[in-house]
């Protein structure tokens, strides 16, 4: 006996077969455990986190960093200074400054040196014909130095004013203005860090003297700091900033201030490894602008990027832009 299927049974069988084919196709395209709508976030091959957090490494080798100008240093204990900041200027060291006059009134017959010329002690600067004897005599430099002023020319008569000024610029003074509020903390012998406003010239010295009188206009007292100027970088007339160290505190661990960079609002230090640099979030303590205490994140003896560490931050920013998706 033969039975014929109803139209309803045929429709249900067709739906079941179609569902089986579709399910098989989905399994072939998407293996178990995968998802077409999402994927796990983690560090990519460059060591950068894709979750929006801090990166763990910078894929720059120590050798490449060195060639790019990165300077490293060793994290270690340091002294954090408390400073008083004052402004001032570079002036001539009066012990190496000579105003040269003619011994006798007379006619200037010859001028041998001009502004900027170097002279040795005993070297002739000019020849003068005396009005009394009508004999020529030489005006000589009493010190080694550079001619910084020349006030007469050939054919003119000498007078009471100096013919020349000569200065030995191998040593100069910085005179800093100390105001009444700071006078009780500033003393002779204290160390001073000095720099021009643009920071291109910098050095250190000690307060040699606090002048005994105050300037009437500013009510400040001048602190005088002698500076070695063998390289000629300090020029009289330059403005300078002085950070006077009035006390120091020992901290167990510190890094250079320029080593600190900020990523996603968090301070970090780049610590050198064998193949690249680690990005270390740090907890900071006191700072004096040169050194920064590190309370967490870096360990004693570790090597870190002390100068030009901004290059690592730039690399992180570039890599993050390339991996946005």
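Just so you know, all these numbers are worked out from the coordinates, no wet-lab data involved. Because the structure is a prediction, the values reported are computed rather than measured. Here Cβ is always computed from backbone atoms with ideal geometry, including for glycine, and neighbour counts include all displayed protein chains.
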> What is the fewest-to-most order of 94, 86, 56 by other Cβ atoms lying within 10 Å of their Cβ?
Replying inline: 94, 56, 86
> Taking 0.36 nm per intervening residue step and subtracting the Cα-Cα distance, what contour gain separates residue 262 from residue 129 on full extension?
Replying inline: 40.7 nm
>> How big is segment 69-112 along each principal axis, measuring the range of its Cα positions in Å and listing the largest first?
In response: 69, 31, 16
> Which length gain, in nm to one decimal place, applies between residue 137 and residue 204 when the Cα-Cα distance is subtracted from 0.36 nm times their residue separation?
Replying inline: 19.7 nm
>> Please compute, over every Cα-Cα pair in segment 50-132, the percentage with a separation greater than 22 angstrom.
In response: 68 percent
> So how long is each side of segment 129-215 along the principal axes, counting just the alpha-carbon atoms, biggest first, in Å?
Replying inline: 61, 31, 21
> Which length gain, in nm to one decimal place, applies between residue 67 and residue 191 when the Cα-Cα distance is subtracted from 0.36 nm times their residue separation?
Replying inline: 41.2 nm
> At a Förster distance of 35 Å, what's the computed FRET efficiency of residue 235 paired with residue 56, Cβ-Cβ distance as r, to 0.05?
Replying inline: 0.15
>> Would you report the distance distribution of C-alpha pairs in segment 153-275 as whole percents per 10 angstrom bin, up to the bin with the largest distance?
In response: 10, 27, 25, 20, 11, 3, 2, 1
>> Quick check: pseudo-label points 7 Å beyond the Cα along Cα→Cβ at residue 121 and residue 290, how many nm apart are they?
In response: 3.4 nm
> In nm, to one decimal, how far is the modelled label at residue 144 from the one at residue 274, with both set 7 Å along Cα→Cβ?
Replying inline: 5.5 nm
> Under the classification rounded if a/c is under 1.5, otherwise prolate if a/b is larger than b/c and oblate if not, where does segment 236-310 fall, given a ≥ b ≥ c as square roots of the Cα gyration tensor eigenvalues?
Replying inline: prolate
> Once label points are set 7 Å from the Cα along Cα→Cβ at both residue 313 and residue 114, what is their separation, rounded to one decimal in nm?
Replying inline: 4.9 nm
>> At a threshold of 8 angstrom on Cα-Cα distance, excluding pairs fewer than six apart, so keeping six or more, what relative contact order does segment 94-167 reach in percent?
In response: 41 percent
>> Strictly greater than 14 Å: what percent of every Cα pair in segment 94-167 meets that?
In response: 53 percent
